[in-house]
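Beneath this line is the structure, given in structure tokens, with notes to follow.
Every number in this text was worked out from the coordinates using simple rules, so none of it is lab data. Since the structure is predicted, the reported quantities are computational estimates derived from the model, not experimental observations. Cβ: placed from backbone, ideal geometry, glycine included. Neighbour counts: every protein chain shown.
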Amino acid sequence: MSTASTTPLLDTLDTPDKLRKLKPEQLHQVADELRRELIDAVSVTGGHLGAGLGVIELTTALHYVFNTPADRIIWDVGHQAYPHKILTGRRDRIRTIRTGGGLSGFTKRTESEYDPFGTAHSSTSISAGLGMAVARDLQGGDNNVIAIIGDGSMSAGMAYEAMNNAGALNSRLIVILNDNDMSIAPPVGAMSAYLARLLSSQTYSSAREILKHLAHRLPKFFEERALRAEEYARGMVTGGTLFEELGFFYVGPIDGHNLDHLLPVLTNVRDAENGPILVHVVTQKGKGYGPAEESDDKYHGVVKFDVATGKQMKAKSNAPSYTAVFGQSLVKEAQKDDKIVAITAAMPGGTGVDIFEKSFPDRTFDVGIAEQHAVTFAAGLATEGFKPFCALYSTFLQRGYDQVIHDVAIQNLPVRFAIDRAGLVGADGPTHAGAFDNAYLGCLPNFIIMAAGDEADLVHMVATQVAINDAPSALRYPRGEGRGVDLPDVGVPLEIGKGRIMREGSKVALLSFGTRLGECLKAADELETHGLSATVADARFMKPLDVDMVLKLANNHDVLITIEEGSIGGFGSHVIQTLADHGVLDKGLKVRAMVLPDTFIDHDKPDAMYAQAGLDAKGIVAKVFEALGKNAKSETVKLA
């Protein structure tokens, strides 16, 4: 990287209006300084790096050409928006990103007026942008709306639904396709840059409109031939026929790292008067930082690292991650059963499916960002006797909920859902927190729902799912490392709907569903010091519920507390419904359901987030005291 002058420019650019006062030739220096600042900042905080490095020049050009924040810029997903944040008044906080009380790792409306739409899940930008464009038109405004979407996000049907609608409405909307992986573009260079400038220019657009009007005056046969010839001629030199069919005026491809190419094209599309335009920009993830360029994932997500070497400073742990345990367990099961297949939606590494893929590439299916398709694809496999494991994040499975109901549950097909990121997830914050799957799956007939209390139980639950051939099943587990328990060599199928007692007591029953089990055991130790004998039970199953165990806990204790890493309406609701149905609530039992609070919890370290939610050992003990009355703590010896 080279710098045009020795005087730093980035230090003077706290808002984009100051950027727009620079000369175009100074933007090369701004981009160089912005790239260095991004690398240095993420080396301190960790987070998303490769995507941001790939859009340094594009970000600079967008804020230079467009009048932000009046002109709306929407970054699809948002993990590439760190440079955008640096240029929009948040540089002084960029080293707080993804930490408690700091900047979000994604765009967020409450964080800045330069973030017109909150993101974190993919393929939403065109829909949101079209809504903003139509709102502008209804109000008689004249601002620009620009949606930047990556090639990966374009694999989702929602993006094409939005483009189809935009083409039909013919609203003035700019979509920038950030193509950094698809290899769908012909080589970019001087000729393609020239064509892009030509096709986006007012001169060409005016000529094209004149030709259209002229064609309309010809007999119908000639009119259709003339318009089709113009369209396919452009398609042959630009590759944009698909987007033209959806109603977009296609420009590109252009080199997304060449400001001399970007600036005139963006200026032309900014000044265009009619209709939706798609600008095809080719970029490279990790651009300008050697270790990222050479990495397989282009340093998509990193922990703190050494800038000079690129070496990431990963914390050492004796416990494997739940994701890794799932992947390894599925491999062992698949070695015994050739009907097992794995499906994921563009998250093989995040779900452990990449581990499975190394052993069984022909039985692994990454369908792209298409959760709806993933669910129904799995259902189709199940009808033919295969054993599909559909591995998705809890929050991503939400996008395929209708398919879960209609294509899986109603037909009672044995699709096996492996739900990663159950509960709170730390730095990714509320957009990735698996808070709702207990509730949204628990209300569905036919489902078997499990949650692992520790990584050893996860091994057995994978084996259990393999053995379930007559119903859909869901297995939930969190992000992060396990408790460090010994793992079994092989998984043994569990008895469906049966929990386990981890510790016997007499006064208080703590009934856990999921990995709050460890905190329940800590809470039981604390309660013992106050003279309260506590039983700790691991439900294992939410559906079917271990009714016998629940009734014994209710009948043999004064207090029953349920604990789960999910929202209201989940496991605790099922337990209380069961107690009500059996008349236990009429006998004076003190029952409390501990769930995630009815709010979206901002990003922080997971332990801090669970403490805030009241779902740590301290919070569990406090809930017991609350159930026993205000003065329970001072009377615990007498009560015991």
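Dividing the radius of gyration of the alpha carbons in the stretch 471-548 by their Kirkwood radius gives 1.00 for Rg/Rh.
Spin-label model, Lys339 to Asn469: label points 7 Å out along the Cα-to-beta-carbon direction sit 0.4 nm apart. Across all directions, the average flat footprint of the convex hull enclosing the Cα atoms of the stretch 500-639 is 8.2 nm².
In whole percent, what relative contact order does the stretch 322-476 give with Cα contacts below 8 Å and a gap of six or more residues? About 23 percent, as a whole number. In this calculation the C-beta distance from Glu273 to Thr96 is compared with R0 = 51 Å, giving a FRET efficiency of 0.75. Across the stretch 1-148 the C-alpha pair distances fall into 5 Å bins from zero in the proportions 2, 10, 20, 22, 21, 14, 8, 3, 1, 0 percent. Once you reduce the stretch 463-503 and the stretch 338-409 to the center of their Cα atoms, the two points are 19 Å from each other.
Fewest-first ordering of His557, His280 by other beta carbons within 10 Å of each residue's beta carbon gives His557, His280.
Between Glu245 and Asp402, the FRET efficiency estimated from the beta carbon spacing at R0 = 35 angstrom works out to 0.80.
A viscosity of 1.002 mPa s and a temperature of 20 °C, combined with the Kirkwood radius over C-alpha pairs in the Stokes-Einstein formula, give the stretch 387-466 a diffusion coefficient of 161 µm²/s. The magnitude of the dipole of the stretch 500-639, with charges of +1 and -1 set on the Cβ of Lys/Arg and Asp/Glu and taken from the Cα centre, is near 340 debye. Farthest toward the positive end of the dipole of the chain, out of Ala554, Gln284, Ile343, is the Cα of Ala554, where the dipole comes from beta carbon charges about the Cα centre. Taking every Cα-Cα distance in the chain and sorting them into 20 Å bins from zero, the calculated P(r) comes out as 18, 44, 29, 8, 1 percent. Placing a label point 7 Å from the Cα of Phe600 along the Cα-to-Cβ direction, the residues of the stretch 421-442 whose backbone N falls under 11 Å of that point are 429-433. Over all projection directions, the Cα-based convex hull of the stretch 322-476 averages an area of 7.9 nm².
Taking other C-beta atoms within 10 Å as the exposure proxy, Glu244, Glu519 rank Glu244, Glu519 from fewest upward. Taking label points 7 Å from Cα along the Cα-to-Cβ direction, Gln139 and Ala315 give a separation of 4.4 nm.
Projecting the Cα atoms of Pro414, Leu19, Ala128 onto the dipole axis of the chain, where Lys and Arg carry +1 and Asp and Glu carry -1 at the beta carbon, places Leu19 farthest toward the positive end. Stretching Asp11 away from Glu504 to a fully extended chain increases their span by 171.2 nm, per 0.36 nm per residue minus the current alpha-carbon distance. Taking a ≥ b ≥ c as the square roots of the eigenvalues of the alpha-carbon gyration tensor, the stretch 313-386 is classed oblate because a/c is 1.5 or more while a/b is no larger than b/c. Charging the Cβ of each Asp and Glu at -1 and of each Lys and Arg at +1, and nothing else, the dipole of the chain about its Cα centre rounds to 780 debye. Each of Asp306 and Lys332 was given a label point 7 Å from its Cα along the Cα-to-Cβ line. The distance between the two points is 3.6 nm. Give the distance, in whole Å, between the Cα centre of the stretch 534-593 and the Cα centre of the stretch 241-266. Comparing the Cα centres of the stretch 534-593 and the stretch 241-266, I get a distance of 59 Å. Quick check for me: using +1 on Lys/Arg Cβ and -1 on Asp/Glu Cβ, what's the dipole size of the stretch 264-358 about its Cα centre, in debye to the nearest 20? With only Lys, Arg, Asp and Glu charged at Cβ, the dipole is about 400 debye. Relative to the longest principal axis of the Cα atoms of the chain, helix 455-467 runs at roughly 80 degrees.
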